[in-house]
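For reference, the structure discussed in these notes is given below.
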Amino acid sequence: MCGIIGYAGHRPAVPLAVEGLRRLEYRGYDSAGVAFVQNGELHTIRAEGKLAALEEKLATCPNTTATAAMGHTRWATHGIPAERNAHPHLSNDGTLAIIHNGIIENYQELKNDLLTLGYTVAPDAETEVLVNLTAEGRKQHASLLDAFAWALRQAHGAYAVCVMAKDEPGVLYAARLAAPLILGIGTGENFVASDIPAFLPYTRDVVFLEDGEIVRADANRWQVLRLADLSVADKRIQHIQWDMQAAQKGGFKHFMLKEIFEQPRVIADCMAGRVDEARNTVALPELDALPVPDRLHIVACGTSYHSGLWARHILESWAKVPVTVEIASEFRYRDALLGKNDMVMVISQSGETADTLAALRMARDKGVQVIGLCNVVGSSIARESSAVVYTQAGPEISVASTKAMCSQMVVLALIALSWAQRNDTLSQATRAQMLHILRALPAQLETALPMMHDTAQQLARTYAKARSFFYLGRGHCYPLALEGALKLKEISYIHAEGYASGEMKHGPIALVDPEFPTFALALDDELFPKVKSNIVEVQARRGKIIALTNPGLELSVDHSWVIPTVQGPLSAFLVLPALQLFSYEVAEYLGKDVDQPRNLAKSVTVE
Ligand code: AGP
C-alpha cells in the first residue's frame, strides 16, 4: 500500500516522478521521496507528510536535470511515519538507492548478517536491508542485475521494489513478489510503477510483471527475467483503455463524490457484453470452463465482504447454490473444510489485499477452484484465480470504496443469473424481470442521485455532531447496514455500528439515547413490518430515527428519507448510494480528508 514509480527516458525525471506520485497518493501518504543521479552523485530527497511537503522541499533544491529518477509515497508498516523512514533509502556506501512497497518478513535475519559484515541498518527499517544486501552482492557478482537478484532471492515476504545505481544513472532495476508492479512502455522512455495512473499521460502500453520476475529498463530498452535463473520471460504488451479523466476528479470536489455519481455508468459498463437483451440471457464466458459449484465460499475484506454478504441472498434464492461468506483474515487461518465440488470466490477491488490473496492461495492449496472478482486488470488476485471476472468499474481512487461495491453487486447478480440459467433453477420470466430491473437501474439512479445528494446534505448538517450511530437492516438490507456504518466510520471518524434489526433487542438497544441516532433501512418488502417494530423499540428509548424508505409506507420517524422503490434485493442499488452520500456529506461538513482518511490506504497489501 505504498506507491512507487521509476522513470528512465528523455524528460526531466524528478518532476515527472513527483507528478506520478501525485496520482499514487491514494496508496499511502505519510511520507514521500525521490532519488536521481546528478553530476555523478546519487541524490535522495525525502519529506514526512503528504506529497506537498516533498514538493516544497524540492522547490528549495538546485534544478534537477536527471532524465531518470525514482519516487515513493509511503503508508507505514514498519517504522513510524518520519523522514528517516521515508523512501528512497541509500546503501551505506551511497552507491545504490532503493524504493520498496511491501514487507520483507525475514528482514531481521538478513539485517543480522549485514551487521556482522559491518553494515549499519536502522532498527525498524527493512528496506535498507535489501539495498545493503544488494551492495554486498555487488562484491560477489559481475553485474548489478546479478547482485540485485541474489539479494532478492534471500528475501521472503512481499515486495515491489526498484533500485538505481550511482554508476548506472539511466537504468532501473525492479522486481515484484506479492505486490503490484507494472512496466510502462513508451517511446524513448520506460516506466515502472505500482499502478497504471502513475504514467498513463505518457503511455497506455503496459506489461504486467508476475511474482518472481525482475526487470531491467533504460530509456530505450526493457527486459523481464525470471528471478530464479535470470532466464528471459516472454511478456505481452497490453494496451490500456482508461483515459486520464477517469483518474481525475472530473469537476467533483472529491474522487469519492465523483465515483458515487459514476455508479449509473458503472452498472451499465458491468453489464456491457454480458446480457443478451433479446433472449434475456446472461453470458459470462470467463466462468464457462468452471462448473456451477455444489457450495460457494465467498471470502473478502471490508466493503468487498459486504458485497459477498449481500450476494448470498441471490445466489441461494436464484441459483440454489449454498453460500458461506467469511472475512478473509479469519478464513485464511482456519482449517476450512472445502468439498471437492466446492468453490471459493474472492472479491477484491484492488486485487492486492494481502488477506484475500492469502485466502485464495490457501483454497488453491486445498485443490479448490477460485473465482476472482476484481476491478484491477492484471492484479495479483486476478492472475492467481482459476477464473477472473472483472468488474470493469474503472480506477477507484478514493480510499472509501463506493462504485467498486456497486460493480461487484452487478457482477454477482449476473453470476447468480448465469448459474440459475445453467442449472435451470429460476423461471425465464423471473430472470427476464431481474434483467429488466438491472437494465433500468442506470437511468433510475441517474435521476435519483441529485435528489439523494440534496437530502444527504440536509441530514448531514443535523446529524454531523452525533457521537455514535446505529445502522439497522434486515435480510438483504443487513449487509447494506454494515456498509453504511463502515462508510460513516472510515471517512467521518464517527463511531457507527451496522446491526441486524432483529438482533438489537439482544443487548445493543441498551445503548440507545437521544444522542445516539439510528439509520434504519425500512424498504417496501416482506420484512417492513418487522423493521417497523424495531424502529418503535428504538423510539421507546427516545432514540432518533432516520428511515431510508420507499413511497407509500407509513412511518412516524424524525426523518423519513424516501427513495424510489426497486423490488427485492436489487433495491440495494438505490440504498447504497444514499448511504454513501450521507457519509460523504457528514465527512465533508466536518471538514475531513474525504479521499484520504487518516490511517487508511486504498489497498491493504499487508496482514
Ligand atoms: C472500503 O471503503 C475500505 N476502503 C476497505 O474496507 C476495502 O473495501 C477493503 O480493504 C478491501 O479492499 P479490496 O476490495 O481492494 O480487497
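Every test in (1) open to solvent by less than 60 Å² (accessible area, probe 1.4 Å); (2) over 25 Å from the mean Cα position of the chain (by Cα); (3) farther than 19 Å from Ala69 by Cβ is passed by Asn85 save one, and that test is (2). Inspection of the stretch 335-346 finds a residue satisfying the criterion of being within 13 Å of the ligand (Cβ to nearest atom) and modelled with pLDDT of 95 or more. Considering the stretch 295-329, and only residues there that are touching an Asp or Glu at 6+ places or on another chain (Cβ under 9 Å) and open to solvent by 50 Å² or more (accessible area, probe 1.4 Å), the residue that is farthest from the ligand (Cβ to nearest atom) turns out to be Arg295.
Residues in the stretch 136-154 that are open to solvent by 10 Å² or more (accessible area, probe 1.4 Å) and without any contact (Cβ under 8 Å) to a residue 60 or more places away in the chain: Glu136, Arg138, Lys139, Gln140, His141, Ala142, Ser143, Trp150, Gln154. The listed residues are Asn341, Asn280, and the only one of them that is open to solvent by less than 50 Å² (accessible area, probe 1.4 Å) and more than 17 Å from the chain's Cα centre (by Cα) turns out to be Asn280. Just wondering, is there one or more residues in the stretch 257-274 that are of a type outside the set (Ser, Thr, Tyr), over 23 Å from the mean Cα position of the chain (by Cα) and more than 14 Å from the ligand (Cβ to nearest atom)? The answer is yes; a qualifying residue exists. For the stretch 428-450, what are the residues that are under 30 Å from Glu25 (Cα atoms) and open to solvent by 20 Å² or more (accessible area, probe 1.4 Å)? Scanning the stretch 428-450 gives Glu446, Pro450.
Filtered by the rule that a residue be within 12 Å of the ligand (Cβ to nearest atom), part of a loop (DSSP other than H, G, I, E, B) and at pLDDT 90 or above, the stretch 574-607 gives Val594, Asp595, Pro597. For the stretch 504-511, the criterion of a residue being of a type in the set (Gly, Ala, Ser) and more than 32 Å from the chain's Cα centre (by Cα) is satisfied by at least one position. The residues of the stretch 553-579 that are open to solvent by 10 Å² or more (accessible area, probe 1.4 Å) and touching a Lys or Arg at 6+ places or on another chain (Cβ under 9 Å), listed by number, are Leu553, Glu554, Leu555, Val557, Asp558, His559. Suppose we keep only residues that are more than 16 Å from the ligand (Cβ to nearest atom) and either at pLDDT below 95 or in a loop (DSSP other than H, G, I, E, B) (or both) within the stretch 393-427. Which one would you say is least open to solvent (accessible area, probe 1.4 Å)? Across the stretch 393-427, the extreme among qualifying residues is Leu426. Can you tell me how many residues in the stretch 347-388 are in a strand (DSSP E or B) and more than 13 Å from the ligand (Cβ to nearest atom)? Number satisfying all stated conditions: 5. Yes or no: the stretch 362-374 includes at least one residue that is in contact with an Asp or Glu (Cβ under 8 Å, 6 or more places away or on another chain) and among the aliphatic types (A, V, I, L, M). Yes, the conditions are met somewhere in the stretch 362-374. Please determine whether any residue of the stretch 360-380 is touching a Cys at 6+ places or on another chain (Cβ under 9 Å), at pLDDT 95 or above and buried (at least 22 other Cβ atoms within 10 Å of the Cβ). Scanning the stretch 360-380 turns up no residue that is touching a Cys at 6+ places or on another chain (Cβ under 9 Å), at pLDDT 95 or above and buried (at least 22 other Cβ atoms within 10 Å of the Cβ).
Phe582 meets all of the listed conditions (1) open to solvent by 40 Å² or more (accessible area, probe 1.4 Å); (2) in contact with a helix residue (DSSP H, G or I) (Cβ under 8 Å, 6 or more places away or on another chain); (3) of a type outside the set (A, V, I, L, M) but one, namely (1).
If you go through the stretch 469-528, how many residues are assigned to a helix (DSSP H, G or I), in contact (Cβ under 8 Å) with a residue 40 or more places away in the chain and surrounded by 18 or more Cβ atoms within 10 Å (Cβ to Cβ)? So that I can check it myself, show each step before the final result.
In the first step, residues of the stretch 469-528 are kept if they are assigned to a helix (DSSP H, G or I); the result is 475-492, 501-506, 508-511, 528.
Next cut, in contact (Cβ under 8 Å) with a residue 40 or more places away in the chain only: 475-484, 486-488, 490-492, 511.
Applying the additional criterion that residues be surrounded by 18 or more Cβ atoms within 10 Å (Cβ to Cβ) yields 475-484, 486-488, 490-492.
Count: 16.
Among the residues of the stretch 158-175, is there at least one that is assigned to a helix (DSSP H, G or I) and at pLDDT 95 or above? Checked against the condition, which is being assigned to a helix (DSSP H, G or I) and at pLDDT 95 or above, the stretch 158-175 yields no hits at all.
The rows are residues; the columns are (1) away from the ligand (no atom under 16 Å from the Cβ); (2) over 30 Å from the mean Cα position of the chain (by Cα).
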residue	(1), (2)
Glu483	no, no
Gly502	yes, yes
Leu527	yes, yes
Ile563	yes, no
Val566	yes, no
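Filtered by the rule that a residue be under 29 Å from the mean Cα position of the chain (by Cα) and in contact (Cβ under 8 Å) with a residue 24 or more places away in the chain, the stretch 425-446 gives Met434, Leu435, Ile437, Leu438, Arg439, Leu441, Pro442, Ala443, Gln444, Leu445, Glu446.
The values are calculated or read from the model by the stated rules, or taken from the named source; none is laboratory data. Every value quoted in this text rests on a predicted model; they were computed, and no experiment measured them. Backbone-built Cβ (ideal geometry, glycine too); neighbour counts: all protein chains shown. Heads up: the accessible areas ignore ligands, DNA and RNA and are worked out on the full protein's heavy atoms, side chains in. Shrake-Rupley method; radii C 1.70, N 1.55, O 1.52, S 1.80 Å.
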